[in-house]
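Take a look at the structure set out below.
Quick note: the coordinates plus some simple rules give every number you see, no bench work behind them. Just so it is clear, the model here is predicted, and its values are computed rather than measured.
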Amino acid sequence: MKVISPYATEKTFALIDSENSLQFIVERDARKEEIVEELEKLLDARIDKVTVKIGKKGKIATVKLASEYSASDIATRIGVM
C-alpha cells in the first residue's frame, strides 16, 4: 500500500471546507497515479487532482475530490473529523 494514513492539521480542515480536499501521508516512492488508484478504491470516491509535497512527516498528498463527493463526509467516515 502506498497510502500510509490520513493527515490532519488545521490546514487540512480548512481544505476540507474550502476546496473539497483531503490530505494523506504516502510512501516516498508513491507516484500520483498509484495514489489516485489506491484512494479511489479505499474511499469509494472519484479524485480529480493530486498534488504532493515533502513535509516534516514525509510525503503528503493532497487529493481534490470530484464535486459529487463530500470531503467532509469522507473525513468523518475515515475518522479524521
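If each residue of separation counts as 0.36 nm, what is the full-extension length gain between A14 and M81 once their alpha-carbon separation is subtracted?
Roughly 22.9 nm would be gained on extension.
What is the extension gain from R46 to S72, computed as 0.36 nm multiplied by their sequence separation minus the C-alpha to C-alpha distance, in nm to one decimal?
7.9 nm
Would you please classify the overall shape of the range 5-81 from the alpha carbon gyration tensor, given that a ≥ b ≥ c denote the square roots of the eigenvalues, rounded means a/c under 1.5, and beyond that prolate means a/b larger than b/c while oblate covers the rest?
In terms of gyration-tensor shape, oblate.
How much length, in nm to one decimal, is gained on full extension between E37 and I4, taken as 0.36 nm per residue of separation minus their Cα-Cα distance?
10.5 nm
For K56, go through the lysines and keep the ones whose alpha-carbon is under 16 Å away, minus same-chain ones fewer than eight residues off.
Within reach: K11.
In deg cm²/dmol and to the nearest 500, what is the mean residue ellipticity at 222 nm of the chain if only DSSP H runs of at least 4 residues count, each as -39500 (n - 2.57), divided by the residue total?
Taking each H run of at least 4 residues, the total per residue is -10500 deg cm²/dmol.
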